[in-house]
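Please read the structure below before turning to the comments.
The values are calculated or read from the model by the stated rules, or taken from the named source; none is laboratory data. Since the model is a prediction, treat every value here as computed from it, not as a measurement. Glycine also receives a Cβ, built like all others from the backbone with ideal geometry; neighbour counts cover every protein chain displayed. Note: accessible area is taken over every heavy atom of the protein model, side chains too, but ligands, DNA and RNA are not part of it. Shrake-Rupley method; radii C 1.70, N 1.55, O 1.52, S 1.80 Å.
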Amino acid sequence: MTLAAEPRPLDIEPLIERVRAYHPDVDADLLRRAYRMAEEAHAGQLRDSGVPYIQHPLEVAHVLVDLSMDPATIIAGLLHDVVEDTTIGLDTIRAQYGEEVAELVDGVTKLSQTELFRRALIESGANRDEPVSIEKAHERAANMRKIFLAMARDVRVMIIKLADRLHNMKTLEGLPAEKQCRVSEETLQIFAPLAHRLGIWHIKWQLEDLAFKYTNREEYDRIADMLARTRREREEILEEVRQELRARLDAENADAQRQGRQPIQADIEGRVKHLYSIWNKMRQQKLSLDEVYDLIAVRVIVTTREECYNVLGMVHELWLPFPGLFSDHIARPKPNNYQSLHTKVLGPRGMPIEVQIRTWEMHRTAHFGVAAHWTYKEGGRVEKRYEDKLSWLRQQMFDWQSDSSSDQEFLRSVTEDLFTDQVFAFTPRGDVIDLPVGSTPIDFAFRIHSELGLKCTGARVNGVQRPFDYQIRNGDIVEIITRSSAQPSYDWLNLVKTSHAKSRLRAWFRKQRHSENVVRGKELLEKEATRLGLDPKELLRSELLSSVAKQMNYQHEEDLLAGIGHGYVAVTSILNKLHGHGPIRQQVVGWPGTDGDGRPVSEGKLRITAGGMEDLFVHRSRCCLPLPGEDVVGYVTRGRGIAIHREDCPNALAALEQEPHRIQQLEWAGTSGERFPTSLRMETLDRVGLAATVFAAFGERKINIKKANIRPRPGDSTLWDLVVDVANKDELNHVIRVIGAIPDVLAVSRPGPEATANPRSETRTRRSTKNQAPAAG
């Protein structure tokens, strides 16, 4: 099989004939219409190589026919670039070819610039009027996230994308060297490993060799030259092996005929390991080319499983097997459903030979993977036995989608868990579990089921009790020990390897803290309501809390209470909203603007603006560090002007009781360009590199960190006390959301007034009275 192919004539008829060979009832007219639509839509467009653009979708369709894909997939292959690169929309495709084809085309279509801009706005937290740059890395991550999620719904989306990438790699010569390298690296990092996970060897090896050619041309040429120099000898050895094995099979079949047994119908073929695989093995195991045992391989394809084992016996009679280099992937298939017997023997002329033995059905699965199990019944679905193999991958995609705060984080989780080197372990029942190298029994437990991971108390590996930091090896049989009352430990987050286990653990810890914060939030509300002379039972009715929760954009009343308990929401502001007769500060004895019986006597607020209050200092109090946009009050000091306090500040409330005449209601919006120090408190896991990630997030938003105090806490968590400069309450809330979304950040909040830090610097501004304007009340 060659790496590149000559361009085919621009004609749909050869493709139709190829489809008819395995799908006699195909609607040829539908394929012709799809081709004509693509040809007309791409008319006048040329590829970088100068050939008409329609050549590309036609070649993609031929790759899909190589995999014997169903007609809907082939039509989608012909139309896969139409929506992205022409004026034809999905509605047109849906109307002419149905919902199934439209969904496949949509799955492989890149996001529009409008959608990319919208996602960038959400991720950055910027306003729509602010400039937002969409970097190429973010764009690629967003598009890959879309394709992976579409694949989770229908795996044919990724098969089309792999066919598309294969033809693009075959025609990479016309691109600049920088782009050749970037596309090839992406192919090695994502698309070739994905083809491996889906079991599509036919595409995997071609992608790897083509990408190897552009990412490391010197090594590619070196390996190719070494193989070329020994090609004649290898071909002679392969022919000797075929002849000796064929003679042994003929002798066995002659005996079978005499005894009335069925003869073995075997096809014997030879192959050479592909270049990237040879180089990778030499590099990882520090081998020379002569030491690569499976450089030459012979494949024997028979009819039944029993014949596989019979042929294995003949091979071992003919040539001496290498100890420990036999693998039975028939009894224990790989997770991508690959089945075959592998043995390595000392062949003719002392040359190491790998022999693979499988049935024709196994051979088809080995080459075409999930594509080999496609059926052409109505609705076009993967066979159930292969659908079961994909169910975990599908669930993982949706888990990563919900756990990832950005497109790049999603892509990082996918590549770390799916595309790194794998180990294969077994459950006591013999089910194969594949995990990234370095995974522990906790990863194994979560890989089977989240509940099993959360209740895990120990593990036996090959019958021996092992600690949780044990790294699972190929072939291990792992038994998870559980207890119904067990709970995870923070230590586990430093032990697990997979993103899935980390995300499930973080979610569990957040849920526990959520429950604690709900209780605390309710207690704070009840305590403050009692202090203000209100009836907590009447005020904290479920319907009132639900109504206020919706006003504050919380889904449930429990989420609102958790926000209060966590410190995200001021208690007084919620009590104001809960009270049905107007703001609480106008109803409670002692607030300014009321008489002794709680009746309003003044409805004015002093508005603090730039250029206000001449010859009078206005300064932020250091006990609570208020911010523009918050509910604030002013305390008229002796000789130091007005001190601004948050309205729920204990010092302001104490002054209200002792010197109510000194309290002034204020409205404070801040001024453009002015920034104010305020405190943040975070709890995080203790991991290397987290501080750099957190500080970078502040830096990207141009928020200065004035002070940082980071100290360890019991249970491998860390407490951070920060003082940062922000413009107003809204910017602070945005920062809290962004930092809280960073992996391994367990909690982030603004401390209550009683715990606020006292930065040395204090903002003071001289104001004038000439622009003072009373509020409307």
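The range 236-282 to the range 487-506: how many Å between their Cα centroids?
Their Cα centres are 48 Å away from one another.
If we count every other residue with Cβ under 9 angstrom of ASP721's Cβ, Lys/Arg +1 and Asp/Glu -1, where does the sum land?
So the environment of ASP721 carries a net charge of +3.
If you roll a 1.4 Å probe over the heavy atoms of the protein chains, what accessible area per residue do you get for the range 662-753, in Å²?
Spelled out: the 1.4 Å probe surface of the range 662-753, per residue, equals 43 Å².
Mind checking the full-extension length gain between ARG222 and PHE322? Use 0.36 nm per residue of separation minus the Cα-Cα distance, one decimal, nm.
33.2 nm
Please list the non-local residues whose amide H lies under 5 Å from the amide H of ALA747, H modeled 1.01 Å from N, same-chain partners needing a gap of 5 or more.
HN-HN under 5 Å from ALA747: GLU683.
Under 5 Å between amide hydrogens, which residues at least 5 positions from THR303 or on another chain qualify, with H placed 1.01 Å from N in the peptide plane?
Residues meeting the criterion, in which the H sits 1.01 Å from N, are GLN265.
Going by the alpha-carbon gyration tensor, a ≥ b ≥ c the square roots of its eigenvalues, is the range 652-732 rounded (a/c under 1.5) or, if a/c is not under 1.5, prolate (a/b greater than b/c) versus oblate?
Since a/c reaches 1.5 but b/c is at least a/b, the shape of the range 652-732 is classed as oblate.
Show HIS316, HIS274 ordered by accessible area, largest first, where the area counts protein heavy atoms only and the probe is 1.4 Å.
The most accessible residue leads, giving HIS316, HIS274.
Largest first and in whole Å, give the semi-axes of the range 175-255's equivalent ellipsoid, each being the square root of 5 times a Cα gyration tensor eigenvalue.
Here the semi-axes work out to 37, 19, 6 Å.
As a test of reading the structure, rank ARG510, ARG32 by solvent-accessible area (1.4 Å probe, protein chains only), most first.
Sorted descending by solvent-accessible area, the residues read ARG510, ARG32.
Pop out the ³J(HN,Hα) list for the range 734-743 in order, Karplus 6.51 cos²θ - 1.76 cosθ + 1.60 with θ = phi - 60°, rounded to Hz; leave Gly and Pro as x.
The phi angles translate into 5, 4, 4, 5, 5, 5, x, 7, 5, x Hz.
Ordered by residue, what ³J(HN,Hα) values in Hz, to whole numbers, does the range 470-480 give under the Karplus form 6.51 cos²θ - 1.76 cosθ + 1.60, where θ = phi - 60° and Gly and Pro are x?
With the stated coefficients, the range 470-480 comes to 5, 8, 5, 10, 4, x, 4, 9, 10, 10, 8 Hz.
Could you give me the ³J(HN,Hα) list for the range 174-191, computed from phi with Karplus coefficients 6.51, -1.76, 1.60 and θ = phi - 60°, whole Hz, x at Gly and Pro?
Going residue by residue, I get x, 9, x, 4, 4, 6, 4, 5, 5, 5, 5, 5, 4, 4, 5, 7, 10, 6 Hz, with x marking Gly and Pro.
Can you give the accessible area of SER49, probe radius 1.4 Å, in Å² rounded to 10?
70
Can you list the residues, at least 5 places off or on another chain, whose amide H is less than 5 Å from the amide H of ARG620, using H built in the peptide plane?
Residues meeting the amide H criterion: ILE644, THR763.
Provide the solvent-accessible area of PHE695, counting protein heavy atoms only and rolling a 1.4 Å probe, rounded to the nearest 10 Å².
Spelled out: PHE695, probe radius 1.4 Å, area about 80 Å².
Please compute the modelled spin-label separation between HIS661 and VAL432, points set 7 Å along Cα→Cβ, answer in nm with one decimal.
Reported label-point gap for VAL432 and HIS661 is 8.7 nm.
Counting heavy atoms of the protein chains only and a 1.4 Å probe, report the per residue accessible area for the range 288-369 as a whole number of Å².
41
Would you mind computing the Rg to Rh ratio of the range 228-284 from its alpha-carbon coordinates, Kirkwood style for Rh?
Here Rg/Rh amounts to 1.21.
Heavy atoms of the protein only, probe of 1.4 Å, neighbouring chains included. What is the accessible area of ASP631 in Å², nearest 10?
Roll a 1.4 Å probe over it and ASP631 shows about 80 Å².
Calculate what fraction, in whole %, of the accessible area of the range 183-329 sits on carbon and sulfur atoms when a 1.4 Å probe is rolled over the protein chains.
46
Out of all Cα-Cα pairs in the range 431-480, roughly what percent, to the nearest whole number, are more than 19 Å apart?
Taking all Cα-Cα pairs of the range 431-480, the fraction more than 19 Å apart is 13 percent.
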